[in-house]
Amino acid sequence: MPLYLFIILPLVTALIGYISHARFYKLLLICFQIFFLVMAVLNFIHVRAYGEKYQVIGGYDAGIGIALRADRFGSLLVLLCIFIFTCLIIYNYHKRYMTHLFMFLFLALQGLINGLFLSNDLFNIYVLVEVSTIVVSVLIIFKKDSKSIYDGILYFLTNLGSMTLFFLGIGFIYRVFGTLDMVLIKERIALVEDPKTLILPYVLMMTAVSLKSAVMPLFSWLPKAHGTASAPSIISATLSGLYVKGGIYLFIRVSDMFSDVFDTRTLFMFLGFTTAIAGFVFALSQTDIKLILAYHTISQVGLILFGLSIDSIYSYHGAIYHIFNHAVFKTTLFLTAGMIIEEYGTRDLREVRGLLKRMPYVAIAMIIAIFGITGAPLFNGSFSKYMIQKGAGSSLPYEIAFTIINLGTILSFVKYSTMLFGTHTERFKIRWNQKLSILTLAGICFLGGIFGPAIMSYMFDIHIVIGLGDYLQKLLIYGGQLGFGLLFYQFLYHRIGLFKTIREVELSLNQIVGSMFLFLSVFVGYMVYNY
């Protein structure tokens, strides 16, 4: 199966849908997505059975033509992308703003993200990210109110600046190695006699992908884009649940490409920890439903980065599995948040009460997703966090860091779950397509925990056995953290004025750009000192 089909077919379908005036075009798009999903499943099965695919478009030699590569990780990310987009299209089936133009942009974004996960050519990656940045910016401002326009332009300019650094980095790489193929660069990079000559391109590229991943302190743009007031819920869900994974994927690929000369895992472990802390602290300070979820994306990115940087195969693959888990439960949370905001007419957490009785299906899906993100035993987040923790071994600093991160997540969602209780009015009638989407995603949050060991064994040949004693231990720890979270929110949270102060923190474009160049400067100093 040609890999370019995963990039081209969504674009072709988007174009046909845009110029077509077919009455049932939405239904046709859903049928296409299901067909596309089957293609992605078959592609992963083939890669798992026969090894990674490496294809050069146009039949050129490697290093000359545009190369596409599908290993297990990339194939799974393509499968995840198509699955999430399918759920989102079904969820939005009845929306009036699902115009031909909106669907053209939305499907085009799907193809661009697939291309990012499959491309093995640095310049091609740069082009795909730049085009997808434009598409995302237009989708953010699609409803054309002043706040979304500001947030969309801020997102566009910030990401444009970061990718300019990436472009400069690949220019240096091309000058040294004469190719932009990442496989060939990795082979040749070990032959470089003086690694210091590669410090600048490495720092430029890693600064860019760190901003795309929303690493501390380069995360200020993300809440504005993911939590902007008028952006459709499926856009917030796509950005937070899926698109930010493109930055993490590039972080993994670029780090691997330079792994023979540079090892910066200690630095990024620290940055991952501080990112996770900053994310949940800012989330705790918010009263806006979407902003709470957006800041928690930052926190979970920090946890993933922390796991990737631990020198353990279990932590590494636990972080990889958490990428998929986060996509599922964060998409669920953003979709349910959109329904809550639409029904209650407010984004203020303090004004939403009685959700369990007023919107029971939404509440059930939300509760399951909360169990997933907080790492409750038997849910998907629990297994990926267990793997990260297992890889850390019995190291006390790692245990303390991991406990702080997870406790912060629980504290935030104790606050978030206050929407479930209180007075209520008449019951909300949920549409069939929305119910199907959110309950499917919520079901995967549960199944991903129950069958976590089997899924990890099938996906990556990593075999883990979790005994009854392990589950009981996790249950006791989770119960203790949950109890602390309830007591903290009830008796201490409202007395801490710092949260109100943090809520008002908002960086301007100049300050965001300044933080990017500060990060770049400190990173250069760190590399020069250590290498």
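The values are calculated or read from the model by the stated rules, or taken from the named source; none is laboratory data. As the structure is a prediction and not an experimental result, all values here were calculated from the model. Here Cβ is always computed from backbone atoms with ideal geometry, including for glycine, and neighbour counts include all displayed protein chains. Side chains included, ligands, DNA and RNA excluded: accessible areas come from the protein's heavy atoms. Shrake-Rupley method; radii C 1.70, N 1.55, O 1.52, S 1.80 Å.
Overview of results
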quantity: Qualifying position, being of a type in the set (Phe, Trp, Tyr), open to solvent by 20 Å² or more (accessible area, probe 1.4 Å) and in a helix (DSSP H, G or I), among Phe268, Phe273; calculated: Phe273
quantity: Test: residue in region 54-61 that is outside any strand (DSSP E or B), open to solvent by less than 30 Å² (accessible area, probe 1.4 Å) and touching a residue at least 24 places away in the same chain (Cβ under 8 Å); calculated: no
quantity: Filter pass, Ala231 being among the aliphatic types (A, V, I, L, M), closer than 29 Å to Gln434 by Cα and not in a helix (DSSP H, G or I); calculated: yes
quantity: The lone exception for Ile89 - which of (1) assigned to a helix (DSSP H, G or I); (2) open to solvent by 10 Å² or more (accessible area, probe 1.4 Å); (3) modelled with pLDDT of 85 or more; (4) not polar (S, T, N, Q) it fails; calculated: (2)
quantity: Single condition Leu441 does not satisfy, out of (1) of a type outside the set (D, E, K, R); (2) buried (at least 17 other Cβ atoms within 10 Å of the Cβ); (3) in a loop (DSSP other than H, G, I, E, B); calculated: (3)
quantity: Ile170 vs. criteria open to solvent by less than 30 Å² (accessible area, probe 1.4 Å) and at negative phi; calculated: yes
quantity: Close pairs from region 207-235: first farther than 20 Å from Leu335 by Cβ, partner open to solvent by 10 Å² or more (accessible area, probe 1.4 Å) and of a type in the set (Lys, Arg), Cβ under 8 Å, at least 6 apart; calculated: none
quantity: Matching residues, region 451-470, being surrounded by fewer than 13 Cβ atoms within 10 Å (Cβ to Cβ), under 13 Å from Tyr314 (Cα atoms) and of a type outside the set (A, V, I, L, M); calculated: Asp461, His463
quantity: Members of region 386-437 found to be farther than 16 Å from Ala276 by Cβ, without any contact (Cβ under 8 Å) to a residue 12 or more places away in the chain and of a type in the set (D, E, K, R), listed by number; calculated: Lys429
quantity: Count of region 368-381 residues which are in a helix (DSSP H, G or I) and under 14 Å from Leu482 (Cα atoms); calculated: 5
quantity: Qualifying position, being open to solvent by 10 Å² or more (accessible area, probe 1.4 Å), without any contact (Cβ under 8 Å) to a residue 24 or more places away in the chain and under 21 Å from the mean Cα position of the chain (by Cα), among Leu105, Leu128; calculated: Leu128
